[in-house]
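Structure record follows, encoded as structure tokens.
Only the coordinates and a few stated rules stand behind these numbers; no lab work does. All values reported here derive from a predicted model rather than from experimental measurement. Methodologically, a virtual Cβ is constructed for each residue, glycine included, from the backbone with ideal geometry; neighbour enumeration extends over all protein chains shown.
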Amino acid sequence: MKIIVAVDKNWAIGKNGDLLLRIDEDLKRFREITIGNVIILGRKTLETFPNKKPLVDRINIIVTRNSVYKNEKAVVCKSIEEAVEESKKYVDKDTFVVGGGQIYNQMIDMCDTAIVTKIDYDFENADTFIMNFDESEDWYISEMSDIFYQQNIPFRYITYKRK
């Protein structure tokens, strides 16, 4: 499994249940990478998507503790373990963990690749964070892009691999 996430310089990923910054090029890249594959996400993350609907052309596996929650366009699982088992049914597809914070932090040890959009900015009052891959001895940088800009804020794409 792989993580795909955008972080600021403090490894913050969100504020008030939303992204810190919408980077058009990054959203396009996210779509290209995940299309035709499996994504695992929490219900709260799904509610930040357009019209609160699962992403098209992907198998959406939603993790929620809400026992009555249903979604006809997605697979609903009651636990991380159930979501992982469900993802194994799709052996010809990659599985991406796409958020939010609780899901990332619970699944990080199950992943071998982290596709990170690293935003060189400190977003004040961010309230959701993930592990800092740069400080982990278990991960190394396997790829790094040039620097790009959105609204004069620099960012780059970095792929981390588990050692």
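For each pair in Lys53/Lys73; Lys28/Lys88; Lys88/Lys163; Lys53/Lys93; Lys70/Lys93, compute the distance between the two Cα atoms and list the pairs where it is over 18 Å. Where the Cα-Cα span goes over 18 Å, the pairs concerned are Lys28/Lys88; Lys88/Lys163; Lys53/Lys93; Lys70/Lys93. How would you classify region 1-43 from its alpha-carbon gyration tensor, with a ≥ b ≥ c the square roots of the eigenvalues: rounded for a/c under 1.5, else prolate if a/b is greater than b/c, otherwise oblate? In terms of gyration-tensor shape, prolate.
Spatially, region 40-61 and region 79-95 are offset by 16 Å when compared through their Cα centroids. With N the number of residues in the chain, Rg(Cα) / (2.2 N^0.38 Å) evaluates to 1.00. Highest mobility in the GNM of the chain, judged by mean-square fluctuation with C-alpha springs under 10 Å and restricted to Ile130, Ile141, Ile61, is found for Ile141.
Can you compute the modelled spin-label distance between Met110 and Tyr140, with each label point 7 Å from Cα toward Cβ, in nm? Each label point lies 7 Å from its Cα, and together they span 2.7 nm. For the residue pairs Lys52/Lys78; Lys118/Lys161; Lys9/Lys89; Lys44/Lys118, the alpha carbons lie more than 27 Å apart in Lys9/Lys89. Approximating the spin labels as points 7 Å out from Cα along Cα→Cβ, the Gln102-to-Asn132 distance works out to 2.6 nm.
Could you state the orientation-averaged shadow area of the convex hull built on the Cα atoms of region 92-150, in nm² to one decimal?
It is 5.7 nm².
Between the beta carbons of Glu85 and Asp24, assuming R0 = 45 Å, the FRET efficiency works out to 0.80 to the nearest 0.05.
Going 7 Å from the Cα of Glu72 along its beta-carbon direction, which residues of region 34-58 have the amide nitrogen within less than 20 Å of the resulting point? Label zone hits: 46-47, 49-58.
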